[in-house]
Amino acid sequence: MSSVLEIAPGVRHYPGFLDRAAQAALRDDILAALAAAPPFVPRMPRTGKPFSVRMSNCGPLGWVSDARLGYRYQPTHPETGAPWPPIPARLVDAWAALAPGAPPPEACLINLYDAAARMGLHQDRDEADVSAPIVSLSLGDAALFRVGGATRGGPTRAFRLASGDALTLAGPARLAFHGVDRIYAGSSTLLAEGGRINLTMRRVTKAA
Ligand code: MD3
Ligand code: FE
């Protein structure tokens, strides 16, 4: 496997986890999933303010958000009502390699960034099971990713996530604040239209 950098306790960065051919194959899997489950614009609870990131999902559960019902996981697309497409086998393989022994992933959130998209610092705490790790894979333009501790306002560190990189968040890092400061437009040729795709696999329910 590729080398690993322990950025902070529980935060592991695997630069170049996927080679170019594997990135292209995964890109094609995700474009097929997006044809079945078109990107939607999530909105903040209550205010309805739109996210700058467009999203979709694959797997038995998907993360969605709108003004009325807020953040949640649900088995169907918020606009089409269709079940989410399955998690592609090569993503399940990456989960098995990077989170050995963890119960299978139930959700893969697909985040689509254009050159202007950002994600503010937040925690991921909509999952009933926060004991399993999160596994993230990046495709396309690089991003400046930022991670801090479990409380807002503490020190943070930022590093670049490039196409093919994997990141795992486990143990003490699972409830760390994190976000995406910026996208480096034009830094990758993987996506014909530019931009960045981030894939985040999660366990949602407590394993039986
Ligand atoms: C650190 N996505 O979808 S992936 C998200 O690049 C999200 O699209 C970012 O934050 C993106 O919620 C970051 C890496 C990641 C995912 C979950 C984490 C880092 C994390 C949970 C805890 C700590
Ligand atoms: Fe997050």
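Computed packing ranks the peptides 171-179, 75-83 as 171-179, 75-83, most packed first, by mean other Cβ atoms within 10 Å. Residue by residue, region 74-86 carries 3J(HN,Hα) couplings of 8, x, 10, 5, x, 9, 8, x, 7, x, 5, x, x Hz when phi is fed to the Karplus relation 6.51 cos²θ - 1.76 cosθ + 1.60 (θ = phi - 60°); x denotes Gly or Pro. Computed across region 43-89, the Kirkwood hydrodynamic radius from all distinct Cα-Cα pairs reaches 11.2 Å.
Close amide H partners of G149, meaning residues 5 or more places away or on another chain with modelled amide H under 5 Å apart, are G154, F177. Over region 107-179, the Kirkwood radius and the radius of gyration, each from Cα atoms, give a ratio Rg/Rh of 0.94. One quarter of the convex hull surface built on the alpha carbon atoms of the chain amounts to 11.0 nm², the projected area averaged over directions. Computed over region 1-88, the P(r) curve from all C-alpha pair distances, binned at 5 Å from the origin, holds 3, 13, 17, 16, 15, 16, 13, 6, 1 percent per bin. Ordering of 36-48, 59-71 by packing is 59-71, 36-48, highest average first (other Cβ atoms within 10 Å, averaged per residue).
Backbone phi angles across region 168-180, fed through the Karplus curve with coefficients 6.51, -1.76 and 1.60 (θ = phi - 60°), yield HN-Hα couplings of 10, 10, 9, x, x, 8, 4, 10, 6, 5, 7, x, 10 Hz in residue order; Gly and Pro are listed as x.
Read-outs throughout are calculated quantities, based only on the coordinates presented, and are distinct from any laboratory measurement. Since the structure is predicted, the reported quantities are computational estimates derived from the model, not experimental observations. Note that each Cβ is placed from the backbone with ideal geometry, even for glycine, and that neighbours are counted across all protein chains shown.
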